[in-house]
Amino acid sequence: MLKRYQIIDQKIVESDDVQSPILVFSKPDANEKRLLIDDYGIDEHNLNSALDPDEPARFEIEPNHFVVLFKRPQNISGEDILLFKAATSGIFFFGECLIIVRADETNPFEGRPFSKVSTLRDVMLRLIYRSIFHFLEHLKIINLISDEVEQKINKAMENRFLINLFAVQKSLVYYQNAINSNGMLIEKIKHNAAKISFTQEEAELLDDILIENNQCYRQAEVHSNILASLMDARASIVSNNINVLMKTLNIITIAIMVPTFVVSAFSMNVRIPLSPLAHAFWIILGLAGISMVSFLLFWKFRRW
């Protein structure tokens, strides 16, 4: 699907004008891919890479344009429960035209970074800037989810909470790789700033983006290290919860077996000393109760 945008009053607005300088291809079909390859001269490999979620971020200079592939958080689907993945977006800059290729149909220009834009290069840099903030937002969500799962693990004995925690840990590994890949991309753009005619202001914005990306990577690294270092402890908590449950069940089982033994002894098919007594039933029942209370007191005294 193709959408066109223009920069009006330092804001990016959707337009129907065929001469609009910003083109966004979301989930391009075969005809749109052929249009990009034949009419704009985009390399087919670069186009397919922009739609491949496993493609690393990179920067390439072509004869009539340059290519920027950057990583961003992928939209969460119902199939990926607690599993956060990274997607790839492609930017193809032709000087007077900026083409963006994405594998989903979300609006790429949402958020505060696009409140004031002036040039197409500014739009390109702010797309990368927005992806960093998007990663930070997801890291906050991951932190909240991990805290909630940890609280459930402390009380529950089900493996599904540990599996959820493993999924969160796996997500952090994906995000670390994606953020690190973006960092290398920004470094390469910075080294080629002169070749692509970056202004001083755009170069300063690029430095700010690099600093933000490094901070984002360190935050993801801290979350990942904490989660990894405590996984064994959380698995031990689940095992301990099971042991506590088994202990409780053993107490109940033994407490029932003791009075059962007393009653069984008096129900044997032999002569019983208490049979002549009128209250023999209640005496035997009382002995069973006394035996159970004695056992529980003994268990508590031994602190088992």
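Laboratory data are not the source of any read-out in this text; all were calculated from the coordinates shown. Fair warning: this is a prediction, and the values are worked out from it, not measured in the lab. Cβ sites come from the backbone with ideal geometry, for glycine too, and all protein chains shown count toward neighbours.
Here is how the numbers come out for the structure above:
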| quantity | calculated |
| --- | --- |
| Approximate spin-label separation residue 166-residue 279, in nm, with each point projected 7 Å along Cα-to-Cβ | 6.2 nm |
| All aspartates and glutamates inside 19 Å of residue 11 as judged from Cα atoms, apart from same-chain residues fewer than 8 positions distant | 96, 110, 122, 201, 202 |
| Label point distance in nm, residue 173-residue 255, each placed 7 Å from Cα along Cα→Cβ | 4.5 nm |
| Spatial separation of Cα centroids for region 1-39 and region 98-115, in angstrom | 11 Å |
| Rounded if a/c under 1.5, otherwise prolate or oblate - region 173-228, Cα gyration tensor axes | prolate |
| Hz values of 3J(HN,Hα) by residue in region 140-151 - Karplus curve (6.51, -1.76, 1.60), Gly and Pro given as x | 5, 5, 4, 5, 5, 5, 4, 5, 5, 5, 4, 5 |
| Nearest 10 degrees, 0 to 90: helix 200-229 Cα axis against the chain principal axis | 20 degrees |
| Cβ-derived FRET efficiency at R0 35 Å, residue 30 paired with residue 195, nearest 0.05 | 0.55 |
| Where labels lie 7 Å past Cα in the beta-carbon direction, separation of residue 242 and residue 115 in nm | 5.3 nm |
| Added length on full extension, which subtracts the Cα-Cα distance from 0.36 nm per residue, residue 218 to residue 295 | 22.0 nm |
| Shape category assigned to region 92-224 from the gyration tensor of Cα positions, a/c cut at 1.5 | prolate |
| The chain: calculated mean residue ellipticity at 222 nm from DSSP helix runs of at least 4, using -39500 (n - 2.57) | -20500 deg cm²/dmol |
| Proximal lysines relative to residue 140, as straight alpha-carbon distance under 17 Å, when same-chain residues fewer than 8 apart are discounted | 85, 170 |
| Length gained when the stretch residue 48-residue 14 is fully extended (0.36 nm per residue, less Cα-Cα span) | 9.7 nm |
| The chain: relative contact order in percent, alpha carbon pairs under 8 Å with at least 6 residues between | 15 percent |
| Cα gyration tensor category, rounded, prolate or oblate, for the chain with a/c compared to 1.5 | prolate |
| Only Lys, Arg (+1) and Asp, Glu (-1) charged, at Cβ; the chain dipole about Cα centre in debye | 2440 debye |
